[in-house]
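Novice: Provided herewith is a single structure, encoded as structure tokens, for subsequent inquiry.
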Amino acid sequence: MGELAAFIILSAIALVSAVVVVTSGNIVRSALSLVPTFLGVTGLYILLQAEFVAGIQVLIYAGAITVLILFVIMLTEGGTGLRVRQVNEQVAAGLLATVVLAGLLIGVFLRTDWPRGPGALPQYTAEAIGRTFLTTAVLIFEVTSLLLLVSLIGAIIVARRER
Amino acid sequence: MLLLDWLYVGVFAVVGLAMAALPLAIVWALAPRFPYPQKRLTYESGVVPFGQAWAQFNVRYYLFSLVFVIFDVEVIYLYPWAIVFQALGKFAFVEMLIFLVILLVGLAYAWRKGALEWA
Amino acid sequence: MTINWPLEVVKAVLAAVIVFTFLAVIGAMLGVLLERKIGGWIQSRLGPKHVGRQGLLQTVADTIKLLQKEHITPHAADVAIFNTAPLIVAVAGLLDWIVIPFAPGLIVRDLNIGVLFFAAMASLTVVGILAGGFASNNKYALLGGLRSASQMISYELPLAAALIAVAMEAGTLSTVSIVEAQARQGWFVIWQFPAFVIFMIAATAEVNRVPFDLPEAESELVAGYFSEYTGMRFALFQLGEYAEMFAMAALATTLFLGGWKGPILPPLVWFFIKMYAIVFFLMWMRWTYPRLRLDQLLNLSWKLLLPAGLVWILITGYRITF
């Protein structure tokens with residue numbers, strides 16, 4: 001019962017902030033609304049007993065990615081004064097597409113046979129995650145470092161070409 | 001118990017917000033309010049401010065935050081490794097060694113390419 | 001074991017109120033007073049002496065004064081963000097205290113990811129500072145906010161490296177377990193001395209203290225990102241910074257100085273002695289060292305502390321594995 005209440009509150013926070021992110025005309029307000037969205041998702045991770053993932057969600061998303069986005073906005077000329085017009089002429093078509101998509105998704109969710117296995121949730125603690133990526137998923141782990149290296153090099157090349 | 005732990009965190013956040021907002025509410029109730037245009041003018045060492053308030057675009061801020069995000073993700077892998085590597089023997093250490101070496105190469109690249117320069 | 005949720009919520013609220021009041025009084029108020037007294041002593045002058053005995057009530061008086069100062073909002077500022085930014089900084093600084101163990105059994109909650117949680121809350125402060133810098137619609141504030149944010153994110157990485165080195169030594173992320181590990185293995189300030197040094201430097205930079213307080217430099221940027229903040233909102237930023245500084249000191253005692261372990265005196269007293277020793281050291285540094293230039297500061301972090309931290313992690317790993 002308590003979990004359901006927590007789920008509803010956290011989802012509400014995440015969804016309302018997400019709506020603000022998408023619809024706000026003030027771009028900085030839009031970017032700052034990402035923080036409650038991420039925090040709401042963090043709460044949802046906690047409800048799934050995945051505290052390590054929750055911790056890194058705050059650390060990376062709310063702490064680093066939001067900062068990155070804010071930096072870019074504040075450094076763009078006129079960026080902070082940008083008032084984006086949120087509604088264009090295709091409102092009717094957009095609304096129709098939204099309703100159709102929502103109907104599809106809800107239909108799929110309701111018809112799927114979500115497996116309800118017995119027993120405990122898989123362990124998402126830091127120890128379990130550590131063990132996994134050091135034993136069974138080593139290749140993925142090492143490839144991730146290459147992926148990070150590639151992103152770093154790519155981003156530096158792209159950014160420095162601006163000079 | 002996990003959910004109980006984090007319930008405390010949630011409650012602390014809410015109570016913290018309320019307690020931090022409390023002095024603001026007190027001020028709103030108590031403080032005088034005499035706004036006039038000169039008082040609300042943006043502070044620029046006493047002169048009338050000119051120009052819009054944005055910082056000159058300089059890619060260095062962006063590069064720092066970028067490199068930071070990459071290394072932050074790397075550090076995230078270090079947290080679980082730090083607590084399990086002892087139990088898993090030499091192999092775990094070597095795996096992380098490879099991981100860190102690859103990323104130190106990245107740091108060296110960023111250094112050489114001047115991404116870490118402020119000038 | 002069934003949990004009585006409403007009771008737990010009430011307990012949590014009480015704990016929150018107690019901890020935050022304690023922080024606001026012992027941390028911020030006493031801390032500001034300590035800063036001024038120590039600064040005075042180092043500079044051969046008297047600090048505040050008039051209000052109350054030996055000036056002890058000085059910050060109380062300051063707080064009362066600030067409570068009735070007018071809230072001035074610059075005319076083009078984004079009011080919503082302008083008001084929320086100090087709240088973010090204050091709450092992030094306060095939430096850090098959840099994982100600090102004061103004495104055996106005296107910790108708010110011993111989270112399994114204790115140390116990671118601490119780092120995560122420290123990184124939330126940056127968003128508040130950026131928001132504050134922007135919301136003032138003042139180019140000096142914006143610049144100060146950007147520089148402060150750059151500094152803080154640059155030092156988060158060596159900070160994390162130091163935390164990870166300690167976690168490696170103790171084999172856990174939980175703060176209570178780290179204190180207990182030190183009881184078995186000896187204080188980590190000995191075994192992890194490089195990590196201690198890196199942590200202290202990074203912690204000083206994270207809370208924007210001298211020698212790393214360029215973003216707040218009065219001589220350059222007025223007051224940096226809080227130029228336009230007056231009265232209580234300014235006080236909230238300061239509260240957040242002082243709470244964060246004390247939290248860093250508390251974490252340093254937990255991770256490196258053995259937490260609450262000590263021979264004769266009760267554990268809580270030992271904890272405070274050690275924590276205030278570190279706070280004194282931080283304040284001592286403030287009044288002794290000149291300010292570093294921003295590029296010197298960033299070079300120190302990226303080119304010295306981060307590689308050093310990562311290499312130290314490898315050395316510790318090698319030492320423990322082989």
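The values are calculated or read from the model by the stated rules, or taken from the named source; none is laboratory data. Worth saying up front: this structure is predicted, and the values here are computed from it rather than measured. Glycine gets a Cβ as well: all are built from the backbone with ideal geometry, and neighbour counts include every protein chain shown.
Novice: Only one of C:292, C:298 is buried (at least 17 other Cβ atoms within 10 Å of the Cβ), part of a helix (DSSP H, G or I) and within 22 Å of the chain's Cα centre (by Cα); which? Spell out how you get there, then give the answer.
Specialist: Details: C:292 fails: part of a helix (DSSP H, G or I).
From the options C:292, C:298, the qualifying one is C:298.
Novice: Taking residue B:108 as meeting all but one of (1) at the interface with chain A (Cβ under 7 Å from one of its Cβ atoms); (2) among the hydrophobic types (A, V, I, L, M, F, W, C); (3) without any contact (Cβ under 8 Å) to a residue 12 or more places away in the chain, write down the number of the exception.
Specialist: (1)
Novice: How about the stretch A:114-134: which of its residues are more than 7 Å from chain B (Cβ to nearest Cβ) and closer than 15 Å to residue B:94 by Cα?
Specialist: Going residue by residue through the stretch A:114-134, those that are more than 7 Å from chain B (Cβ to nearest Cβ) are A:114-125, A:128, A:132-133.
Across the stretch A:114-134, the qualifying residue is only A:133.
Novice: Given the conditions (1) more than 10 Å from chain A (Cβ to nearest Cβ); (2) among the aliphatic types (A, V, I, L, M); (3) crowded, with 24+ Cβ neighbours inside 10 Å, report the number of the one that residue C:181 does not fulfil.
Specialist: Result: residue C:181 passes all but (3).
Novice: Here are A:31, A:5, A:12: which of them is surrounded by 17 or more Cβ atoms within 10 Å (Cβ to Cβ), outside any loop (DSSP other than H, G, I, E, B) and of a type in the set (A, V, I, L, M)?
Specialist: A:31
Novice: Within the stretch A:110-131, is there a residue that is in contact with a Leu (Cβ under 8 Å, 6 or more places away or on another chain) and modelled with pLDDT of 85 or more?
Specialist: yes
Novice: Which of the numbered conditions does residue A:113 fail, given that it passes all the others? Conditions: (1) more than 23 Å from the chain's Cα centre (by Cα); (2) buried (at least 16 other Cβ atoms within 10 Å of the Cβ).
Specialist: Checking residue A:113 against (1) more than 23 Å from the chain's Cα centre (by Cα); (2) buried (at least 16 other Cβ atoms within 10 Å of the Cβ), the one that fails is (2).
Novice: On to the next question. (1) within 14 Å of chain C (Cβ to nearest Cβ); (2) assigned to a helix (DSSP H, G or I); (3) within 30 Å of residue B:72 (Cα to Cα): which one isn't true of residue A:49, the others all being true?
Specialist: Unmet condition: (2).
Novice: Give C:308, C:250, C:243, C:235 a once-over and let me know the one that is in a helix (DSSP H, G or I), of a type in the set (A, V, I, L, M, F, W, C) and closer than 29 Å to residue B:116 by Cα.
Specialist: Result of the check over C:308, C:250, C:243, C:235: C:308.
Novice: Quick one: which of C:165, C:119, C:131 is under 18 Å from the mean Cα position of the chain (by Cα), within 29 Å of residue A:38 (Cα to Cα) and either within 9 Å of chain A (Cβ to nearest Cβ) or not β-branched (Val, Ile, Thr) (or both)?
Specialist: Exactly one residue qualifies, and that residue is C:119.
Novice: Of all residues in the stretch C:195-206 being at pLDDT 90 or above and not aliphatic (A, V, I, L, M), which is surrounded by the most Cβ atoms within 10 Å (Cβ to Cβ)?
Specialist: Out of the qualifying residues, it is C:199.
Novice: May I pose another question? As an exercise: evaluate residue C:243 against (1) within 12 Å of another protein chain (Cβ to nearest Cβ); (2) free of Cβ contacts under 8 Å to residues at least 40 places away in the same chain; (3) among the small types (Gly, Ala, Ser) and give the number of the one condition it does not meet.
Specialist: The number of the failed condition is (2).
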